[in-house]
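Some notes on the structure that comes next.
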């Protein structure tokens with residue numbers, strides 16, 4: 001008596017590579033424990049920063065409605081003044097408070113990191129989508145940095161934490177994609193990312209630090 005079985009789709013052979021579908025587009029890749037932990041930590045730092053800013057924003061709005069004044073805990077002086085940043089137009093550039101976007105996006109990064117810790121493997125399109133999202137985050141942080149330093153004339157410490165987290169995760173995910181061949185790059189660049197990935201986020205953060213230092217040099221040295 002014959003027996004009908006259901007074919008296991010996982011046993012289907014992958015289609016062969018072709019010019020239209022290179023091998024890098026067919027394979028899936030996991031990540032090292034170090035990269036997974038980095039995504040969890042930087043994503044959690046971003047969630048923390050976004051959460052605190054969101055709570056303070058709500059308290060600020062509630063105080064305004066009640067005719068009172070609320071000063072966030074991170075408003076330490078005329079330069080480090082989170083309240084000034086929260087009340088600026090740039091703090092709601094998409095029509096809602098910026099940290100609400102951070103709660104979602106940084107939460108996604110934490111989920112990706114946790115999945116990688118569980119040895120999940122993702123295809124090329126997934127890694128590139130993650131990289132593109134982080135590129136948007138870095139560009140947005142650069143814009144916010146300019147606005148804080150030269151338009152709002154104040155800094156938010158929690159925003160600075162989110163900037164640092166975004167910069168670090170972006171460069172390390174970019175390094176991963178270059179080294180794995182998901183992003184086309186010459187051999188010397190792959191070698192550089194393989195040995196000196198840490199240089200780029202340190203340099204990036206260092207430049208922002210120097211801009212902050214020079215922008216308020218007289219205040220820091222007085």
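Taken together, the values in this text are just the output of simple stated rules run on the coordinates, not laboratory data. Keep in mind that what you see is a predicted model, and the values were worked out from it rather than measured. Please note: Cβ atoms are built from the backbone with ideal geometry, for glycine as well, and neighbour counts cover all protein chains shown.
Tell me the angle of helix 199-215 to the major Cα principal axis of the chain, expressed in degrees between 0 and 90 and rounded to the nearest ten. Relative to the chain, helix 199-215 is tipped by roughly 10 degrees. Listed from fewest to most Cβ neighbours within 10 Å, the set 179, 121 follows the order 121, 179.
Express in nm, to one decimal, how much length is gained between residue 66 and residue 111 on full extension, taking 0.36 nm for each residue of separation and deducting their alpha carbon distance.
Gain on extension, residue 66 to residue 111, equals 12.4 nm.
Cα extents for segment 114-208 along the principal axes, largest to smallest and rounded to whole angstrom: 42, 30, 19. Highest-first packing order for the peptide set 54-66, 135-147 is 135-147, 54-66, based on the mean count of other beta carbon atoms within 10 Å. Summarising the overall dimensions of segment 149-188 from its C-alpha atoms, the Rg and Dmax are 15.5, 43 angstrom. Each Cα pair under 8 Å and six or more residues apart adds its separation to the average, and for segment 28-221 the resulting relative contact order is 31 percent.
Taking label points 7 Å from Cα along the Cα-to-Cβ direction, residue 129 and residue 143 give a separation of 2.3 nm.
Between residue 55 and residue 215, 0.36 nm times their residue separation minus their Cα-Cα distance comes to what? Provide the component values of the computation, followed by the final result.
Numbers: separation 160, 0.36 × 160 = 57.60 nm, distance 2.87 nm.
Between residue 55 and residue 215, full extension yields 54.7 nm more.
To the nearest ten degrees, helix 98-117 and the longest principal axis of the Cα atoms of the chain are 40 degrees apart. Label separation (residue 189 vs residue 202): 2.2 nm, computed from points 7 Å beyond Cα along the C-beta direction.
Starting from the alpha-carbon convex hull of segment 28-221, give the projected area averaged over all orientations, in nm².
Details: hull surface 48.6 nm².
Its average projected convex-hull area is 12.1 nm².
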